[in-house]
Amino acid sequence: MTTEASPALSLLERSLDRLGERVCLVGHDGPMPHWPQCRVHALTTHYGVYRQGGGADGGRLFGYDDPETPEAFDTVVILMPKARSELTMRMAWAAARLARGGELWLVGAKREGIARGSRQFRERFPAAFRIDSARHCQLWCATPEVPAAPFRVGDWLDSVHLEAPDADLELYSLPGLFSEGRLDEGTRQLLATVTAEPPGPVLDLACGNGVIAAWLRHYWPGLAVTLADVHWQALRCARASFEGLEGVTVVASDGLASIPARYASIFCNPPFHQGQKKDLDPVNQWFRELPRFLEPGAELRLVANAFLPYQDPMARFIGPVRTLSDDGRFRVYSVTRSIHGKNGGN
Ligand SMILES: C[S@@+](CC[C@H](N)C(=O)[O-])C[C@H]1O[C@@H](n2cnc3c(N)ncnc32)[C@H](O)[C@@H]1O
């Protein structure tokens, strides 16, 4: 979480006297603002931000179906998400939570795509107008007159059909999900290296909608799998895909922070971006911590862009590394946790 107010939030603060009493910031991952005249909630889709920000007691809401969400707000402020489809979903959520006579705001910076976002906002709310602009940021307002339809996550969950190596899978997607329901090329390559049942229990780390776990269970339905991700969309889709199935657990976890056990196999197509920026630090930190979550002799099977320098830290912190496949773009590694690992103990 950053500690400074973003330029978009600073712009919004120039219009504080216009805010209603009950305010929700949709997509705000920074520190909670202290606006004495308002009761502020902030909706995030990042579980780490939710936990670090004090959870429900800190006024945080996790995702678009958090049961702690108040019935209505006087002002709902939408911050620009990365995906256009998520902005559509945010607008629907915001309109559904708006009190009668309330205002919907949209705020964002040029580099976050506010020009495109404001067009989308005006298409949905034709009477929208601009309140302010400065420092490459814009603030827009709409006052919908007609009450909006209730927001139901199920209306946004799409079932998707993935053609994975030698298996057709039915999974779910939501706006803002990684790769929005398409099979990632790196993931395809990782799955193609799995030729025998991996020892369980298995962890699908950074699971997205659960495609790796779904593929494994397609071949070995009795395999015990845990899926973990930090993003609400990923968790919601994974839960929908595996609903009612025995031997499957889905956990919200920022990296390894909430991983509950040790595993005989871990599969991972890790993220290497934080927001818009390339950032390898979190994954290097995972490598340091992973031995504690691998049984001695257990395997981490990981796919990454071939140019990413993961081989050395994996060998240093976990154990011997073999390259199982490399097409120049993606590389799949098999890393065995040393029996006498430095960080894992026995
Ligand atoms: C490259 S995608 C892989 C998704 C899925 N396993 C697949 O193969 O399609 C990386 C995933 O990492 C998740 N992620 C990003 N930061 C994370 C974090 N700090 N902790 C856990 N998961 C994270 C993202 O939400 C995303 O689902």
Can you pull out the residues in the range 46-78 that are of a type in the set (A, V, I, L, M, F, W, C), under 16 Å from the mean Cα position of the chain (by Cα), assigned to a strand (DSSP E or B) and under 23 Å from Pro7 (Cα atoms)?
-> Leu61
Which residues, taken from the range 288-313, are closer than 18 Å to Gly255 by Cβ and surrounded by fewer than 18 Cβ atoms within 10 Å (Cβ to Cβ)?
-> Arg288, Glu289, Arg292, Leu308, Pro313
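Listed here are the residues, each with its yes/no results for (1) within 16 Å of the ligand (Cβ to nearest atom); (2) modelled with pLDDT of 95 or more; (3) closer than 17 Å to Asp254 by Cβ.
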| site | (1), (2), (3) |
| --- | --- |
| Ser6 | no, no, no |
| Gln37 | no, no, no |
| His41 | no, yes, no |
| Tyr50 | yes, yes, yes |
Flag for Ala167 being over 24 Å from the mean Cα position of the chain (by Cα) and either under 28 Å from Asp66 (Cα atoms) or in the same structural domain as Phe267 (by TED's automatic domain parsing) (or both) = yes
Top-ranked residue of the range 170-187 - restricted to ones that are more than 9 Å from the ligand (Cβ to nearest atom) and closer than 15 Å to His218 by Cβ, ranked as nearest to the chain's Cα centre (by Cα) | Leu171
Could you look through the range 192-237, keep only residues that are within 16 Å of the ligand (Cβ to nearest atom) and among the hydroxyl-bearing types (Ser, Thr, Tyr), and pick out the one that is farthest from Gly255 (Cα to Cα)?
-> Thr193
Among the residues of the range 224-243, which ones are part of a loop (DSSP other than H, G, I, E, B) and surrounded by fewer than 19 Cβ atoms within 10 Å (Cβ to Cβ)?
-> Ala224, Glu243
The lone exception for Gly113 - which of (1) out of contact with any strand residue (DSSP E or B) (no Cβ under 8 Å at 6 or more places or on another chain); (2) surrounded by 21 or more Cβ atoms within 10 Å (Cβ to Cβ) it fails | (2)
Determine whether the range 148-156 contains at least one residue that is surrounded by fewer than 19 Cβ atoms within 10 Å (Cβ to Cβ), over 30 Å from Ser6 (Cα atoms) and touching a strand residue (DSSP E or B) at 6+ places or on another chain (Cβ under 6 Å).
-> no
Quickly run through the range 24-49 and pick out the residues that are β-branched (Val, Ile, Thr), crowded, with 24+ Cβ neighbours inside 10 Å and either in the same structural domain as Ser258 (by TED's automatic domain parsing) or closer than 20 Å to Ile131 by Cβ (or both).
-> Val26
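The values are calculated or read from the model by the stated rules, or taken from the named source; none is laboratory data. Note that the structure is predicted; figures quoted are calculated from it, not measured. No Cβ is skipped: glycine too gets one built from the backbone with ideal geometry, and neighbour counts run over all protein chains shown.
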